[in-house]
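Worksheet: one structure, shown below.
The values are calculated or read from the model by the stated rules, or taken from the named source; none is laboratory data. Nothing here was measured: the structure is a model prediction, and the numbers come from that model. Here Cβ is always computed from backbone atoms with ideal geometry, including for glycine, and neighbour counts include all displayed protein chains. Each accessible area value is taken on the protein alone, full model and side chains, heavy atoms only, with ligands, DNA and RNA left out. Shrake-Rupley method; radii C 1.70, N 1.55, O 1.52, S 1.80 Å.
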Amino acid sequence: MIIQKTREEIELMRESALIVSKTLGMIASEIKEGVTTLYLDKLAEEFIRDHGAVPSFLGLYDFPNSLCMSPNAQVVHGIPNNTPLKSGDVISVDCGAFKNGFHGDHAYSFEIGEVAPEVKKLLRVTKESLYVGIREFKAGNRVEDVGNAIQKYTEAHGYGVVRELVGHGVGQKMHEEPEMPNYGKRGRGKLFVEGMVVAIEPMINMGTRNIKQLKDGWTILTADGKPSAHFEHDVALIDGKPELLSTFKYIYKALGIESNEEDEFRQVPLIV
């Protein structure tokens, strides 16, 4: 069952989502060659708690940390450790925060130092596909309209779309209905309804779409060892149109990036 949210509840969710956004912005200032993911995880937990929230991932299904940190061929659910990041790495940082009874959940893939051009392109196309998908999250459309748009956009570049892992509804629980796959056929799946909130998150591989899991029971890898990219936003359906609750603007401020990519998905401009 899809749980529709009131406008008041959506604003509470926006607050949770923006705590995640600010956490990722803080991480953007700290993530660099020689830093360990475990160090970044500790910074994130402190930051989230200092903002009156609780890390959503810590203890969720027994996950041991506050961030999922997945470098290079790791797709998602990587466990932070003491291995230093090195130049040329890319890493998905997925974060969640729980405040006022609601979760925020989104992710960004970062570049460390000098990254190969073909990997830069993978990240660029994957992030573009996120917005391609968000445009399909509107009144009259269905779940697989979003997935179909993401699939077509990324497969046109020769990339593999992960099937086993999907986006999801989000609210008082981290994972609610509906599941939001990044593939599909137009016109299929549950109908979008006013007040629903979803996490749309393309997970796109440079090579095969096939994946495997490490013995730690969490870390997901590409089957061919090629890099993967992952970007995620929380989006509400308001007045029949997609409204971003999360933002990458704090990341962009930290990295000195100018972008207006989110503007079409906000009824009121976000001031950072």
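A compact table of results
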| item | result |
| --- | --- |
| Candidates Lys42, Lys32, filtered to the one that is assigned to a helix (DSSP H, G or I) and farther than 24 Å from Leu245 by Cα | Lys42 |
| Any chance Ile251 is touching a residue at least 60 places away in the same chain (Cβ under 8 Å), assigned to a helix (DSSP H, G or I), open to solvent by less than 40 Å² (accessible area, probe 1.4 Å) and closer than 20 Å to Cys68 by Cβ | yes |
| Test: residue in region 106-116 that is under 15 Å from the mean Cα position of the chain (by Cα), among the aromatic types (Phe, Trp, Tyr) and more than 26 Å from Phe192 (Cβ to Cβ) | yes |
| Within region 113-160, tally of residues that are outside any helix (DSSP H, G or I) and of a type outside the set (A, V, I, L, M) | 13 |
| Residue list for region 141-182, filter: open to solvent by 60 Å² or more (accessible area, probe 1.4 Å), under 28 Å from Ser16 (Cα atoms) and either out of contact with any helix residue (DSSP H, G or I) (no Cβ under 9 Å at 6 or more places or on another chain) or not acidic (Asp, Glu) (or both) | Arg142, Glu164, Gln172, Lys173, His175, Glu177 |
| From Phe47, Phe57, residue being aromatic (Phe, Trp, Tyr), open to solvent by less than 60 Å² (accessible area, probe 1.4 Å) and in a helix (DSSP H, G or I) | Phe47 |
| Region 183-201, subset among the aliphatic types (A, V, I, L, M) and buried (at least 16 other Cβ atoms within 10 Å of the Cβ), residue farthest from Lys99 (Cα to Cα) | Ile200 |
| Options Val125, Val119, Val143, Val90: the member that is without any contact (Cβ under 8 Å) to a residue 60 or more places away in the chain and of a type in the set (Val, Ile, Thr) | Val143 |
| Any chance Ala223 is surrounded by fewer than 22 Cβ atoms within 10 Å (Cβ to Cβ), out of contact with any Cys (no Cβ under 7 Å at 6 or more places or on another chain) and touching a residue at least 12 places away in the same chain (Cβ under 8 Å) | yes |
| Among (1) among the charged types (D, E, K, R); (2) open to solvent by less than 20 Å² (accessible area, probe 1.4 Å); (3) part of a helix (DSSP H, G or I), the one test that Asp94 misses | (3) |
| Any hit, region 202-220, residues being within 18 Å of Val119 (Cβ to Cβ), surrounded by fewer than 19 Cβ atoms within 10 Å (Cβ to Cβ) and of a type outside the set (A, V, I, L, M) | yes |
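For every residue, the table says whether it meets (1) in a strand (DSSP E or B); (2) touching a residue at least 40 places away in the same chain (Cβ under 8 Å); (3) acidic (Asp, Glu); (4) out of contact with any strand residue (DSSP E or B) (no Cβ under 7 Å at 6 or more places or on another chain).
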position: Met174; (1), (2), (3), (4): no, yes, no, no
position: Gly184; (1), (2), (3), (4): no, yes, no, yes
position: Gly189; (1), (2), (3), (4): no, yes, no, no
position: Val193; (1), (2), (3), (4): no, yes, no, no
position: Asp234; (1), (2), (3), (4): yes, yes, yes, no
position: Pro242; (1), (2), (3), (4): yes, yes, no, no
position: Asn260; (1), (2), (3), (4): no, no, no, yes
position: Ile271; (1), (2), (3), (4): no, no, no, yes
